Amino acid sequence: MNGSTTLRAPDHDWIHWDKHWWPAEPHTTDDELTRLLARDLKINPPGIRARMHRPVQGVRHLKFNSDRRYPYPRLWFSNDGEHTHWRDLHAVRLEDLILAHPTRDFSRRKGQKNKPIARWVETNDDLVTCESQWEGFFVLLADWDQRVRRISAQPFTLEFPRGALLHLHTPDFVLLTDDEVPIVIDIKTPEEALTESWRRRARIVAAELRRAGMLHLTFTGMPRSARESLSEFRSALPDDEEVERLREPLRDAASHGATATELASMAAAQTGIPYPEAMSVIRRLLWQHQLHADLAVRFTEESLVWAP
């Protein structure tokens, strides 16, 4: 794996955003990862990392007590959103990535082009802050990916020594899964990703992160049809009892493929659950990967749905 990899949109490779670095199916649960995630939940209540109370203007990076005379690149972390500490690349631990708070505040200047958002993700059961809608689309995709156990926004800053080509680099996200290498994500538009300045920076960053046991990926987006479909699936929040009641009947009915309308009509006729609620269950099952649909086109009630 030489250098950094750029994933182009809108081809179907967006589904394989990880470039097959991770196995296609989720692993057996990693006990250490599970323990650390539970510990983080006790230490950091939901929403604390979003830091919405900060001023809209001012210094964006947390303060790093560094004069850059350290001779090697190193990573700066914060466990509370205020104080920082550093690690040598070879000394980074899984705990550092899980307990990390963003090392950079999210700009909220009047008139700025990018629009920061805070997206609630089921993966973290918490808010994940994004500096733009483009980043929000990736978080939506990562939240949908069942392999992902943690999405951390701007979890560290890579500092280079004096005289290096780069000074600081704060990636957009790091994603964790069971028993696999962490993947560090930077979000760029397709045009930005092709510039020589970004490609040079990405190669340098990727080389250093490999020394810390992490891989680096530049993500450039996914088709509008996929964004809109995943957003629709994610927003479906039917009653849990209705989901459990309809899960197997819908999967059985979709074993050879059927339109969403046909499935919802069947469920409504057999169970008495209103058609709109049955359709909401179908969307929820699509979000949970219990049902599948072609995301190359925008999902509608006439879309073909099938059970995996």
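Details
- The set of residues from the range 64-99 being in a loop (DSSP other than H, G, I, E, B) and free of Cβ contacts under 8 Å to residues at least 60 places away in the same chain comprises ASN65, ASP67, SER78, ASN79, ASP80, GLY81, GLU82, HIS83, THR84, ARG93.
- Looking only at residues in the range 119-145 that are within 10 Å of the chain's Cα centre (by Cα), of a type outside the set (Asp, Glu) and assigned to a helix (DSSP H, G or I), the one that is farthest from ASP67 (Cα to Cα) is TRP144.
- Residues within the range 116-130 that are in contact with a Pro (Cβ under 8 Å, 6 or more places away or on another chain) and open to solvent by less than 20 Å² (accessible area, probe 1.4 Å), tallied: 3
- Taking the range 270-305 as the range and being surrounded by fewer than 14 Cβ atoms within 10 Å (Cβ to Cβ) and assigned to a helix (DSSP H, G or I) as the test, the residues that pass are GLN270, PRO276.
- Total residues in the range 239-269 satisfying the condition of being surrounded by 18 or more Cβ atoms within 10 Å (Cβ to Cβ) and outside any helix (DSSP H, G or I): the figure is 2.
The values are calculated or read from the model by the stated rules, or taken from the named source; none is laboratory data. Please read these numbers as outputs of a predicted model, since none were measured by experiment. Note that each Cβ is placed from the backbone with ideal geometry, even for glycine, and that neighbours are counted across all protein chains shown. We work out accessible area using only protein heavy atoms, side chains counted, and drop any ligands, DNA or RNA first. Shrake-Rupley method; radii C 1.70, N 1.55, O 1.52, S 1.80 Å.
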